Amino acid sequence: MDQAENLRNVIKAKNIRTVEKTKVITITSGKGGVGKSNMAVNLAVNFTNMGKKVIILDADFGLANVEVMFGTLPKHNLSDVIFNGMSIRDIITTGPMGIGFISGGSGVVGLNNLNREQIAFLVHNLSLLNDLCDILIIDTGAGVSDQVLEFVLASPEVILVSTPEPSSLTDSYSLMKAMYKSPKYLENGTNVHLVANKVMNEAEGNAVFAKMSSVVQKFLGGDLDYLGYVSYDVQLEKAVRNQRVVSLEYPSSKAAKCFESIAAKILKKDKDTHFKWGVSQIFSALLRDRA
Ligand SMILES: Nc1ncnc2c1ncn2[C@@H]1O[C@H](COP(=O)(O)OP(=O)(O)O)[C@@H](O)[C@H]1O
Ligand SMILES: [Mg+2]
């Protein structure tokens, strides 16, 4: 049996056997610098505190914020899986509290050039995450690039981070519009949950959500869910400057309390409404039309 045939069999077998244990949350925003990476690492800390095993996949290639805040430099990334035959297990770096961290590297950027076997091998490896973590948090890049859009469209549960700044709101709206207008958009395929970041108080968070959800409803006919707000907090800035995660460095800060309540809300919503989140499903969708 040649390598390619072997991999095809692996994928076939996987389709029958894979149990989607891992829950995936994709974090995105229309604009950079609004707090995606902080959302990723602080949710990871809180989910870990709640007894979950968490891995973060950093698919933001411009700025590798997660590794900066974790103070760890990953030696390998997803392209080592694709091109050097490494297993996904071998490219996971361990950060604070045992939180796993995978760097996308150029692996995901170069996806357009992969052949079927490489894609099959990658999807198979990503499906192994079902045995390695309870929750996978994907930190996408900013903007409305094709790559970000593909992650969003493939993900059942997406957190959209917006700030009260008009430019953040318009960029968030552009991302929502691109999602709804995409030929790949499936009705009820993606649930979008908004988090208002860098707000002064609860009322300002509510106002961010009210603005976004009203335009999404009026012009796109879509629904947004509200997960809550994160206060603007100098302690968070200070933690980031010191390459620390605010929830660990200043657990009683305003921002840390907000992340804690958002994490609790996510797990409660999952219990009540059963989020549709699965790792193999996402990466199969993401890679389906590639080769
Ligand atoms: N709630 C907040 N309060 C104060 N500053 C924040 C807050 N969230 C983010 N920031 C600041 O914004 C910067 C960018 O955040 P980051 O999470 O890296 O954004 P992104 O990943 O969206 O580019 C951080 O370095 C931090 O200084
Ligand atoms: Mg970032």
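The values are calculated or read from the model by the stated rules, or taken from the named source; none is laboratory data. Here the structure is a predicted model, which means the values were calculated and not measured. Glycine also receives a Cβ, built like all others from the backbone with ideal geometry; neighbour counts cover every protein chain displayed.
Restricting attention to segment 217-234, the residues that are near ligand 1 (Cβ under 8 Å from one of its atoms) and either aromatic (F, W, Y) or assigned to a helix (DSSP H, G or I) (or both) total 2.
If the condition is being within 11 Å of I99 (Cβ to Cβ) and either within 16 Å of ligand 2 (Cβ to nearest atom) or in contact with a strand residue (DSSP E or B) (Cβ under 7 Å, 6 or more places away or on another chain) (or both), then segment 53-68 contributes V54, I55, I56, V66. Every listed requirement among (1) buried (at least 19 other Cβ atoms within 10 Å of the Cβ); (2) modelled with pLDDT of 90 or more; (3) more than 16 Å from ligand 1 (Cβ to nearest atom) is met by V34 save one, (3). Right, E202: at pLDDT 95 or above and more than 16 Å from N42 (Cβ to Cβ) or not? Spelling it out, E202 is indeed at pLDDT 95 or above and more than 16 Å from N42 (Cβ to Cβ).
Scanning segment 249-276 for residues that are under 17 Å from D134 (Cα atoms) and in a loop (DSSP other than H, G, I, E, B) turns up H274, F275, K276.
Remark: pairs (first residue in segment 226-238, free of Cβ contacts under 8 Å to residues at least 40 places away in the same chain; second residue in a strand (DSSP E or B) and within 9 Å of ligand 1 (Cβ to nearest atom); Cβ separation under 7 Å; 6+ apart in sequence or on different chains) = Y229/V199; S231/V199; Y232/K198; Y232/V199. Within segment 216-225, the presence of at least one residue that is surrounded by 15 or more Cβ atoms within 10 Å (Cβ to Cβ) and either without any contact (Cβ under 8 Å) to a residue 24 or more places away in the chain or in contact with a strand residue (DSSP E or B) (Cβ under 6 Å, 6 or more places away or on another chain) (or both) is confirmed. If you filter segment 30-52 down to residues that are in a loop (DSSP other than H, G, I, E, B) and touching a residue at least 12 places away in the same chain (Cβ under 8 Å), you find that the one that is farthest from ligand 2 (Cβ to nearest atom) is M50. Take S127 and decide whether it is closer than 30 Å to A203 by Cα and crowded, with 23+ Cβ neighbours inside 10 Å. Against the criterion (closer than 30 Å to A203 by Cα and crowded, with 23+ Cβ neighbours inside 10 Å), S127 does not qualify. Looking at segment 116-199, the helices (runs of 4 or more DSSP H) lying wholly inside it that each contain 2 or more residues that are over 18 Å from S29 (Cα atoms), more than 15 Å from ligand 1 (Cβ to nearest atom) and not small (G, A, S) sit at 116-127.
Among the residues of segment 81-102, which ones are under 19 Å from E117 (Cα atoms) and either at pLDDT below 90 or in contact with a Lys or Arg (Cβ under 9 Å, 6 or more places away or on another chain) (or both)? Correct list: V81, I82, F83, N84, G85.
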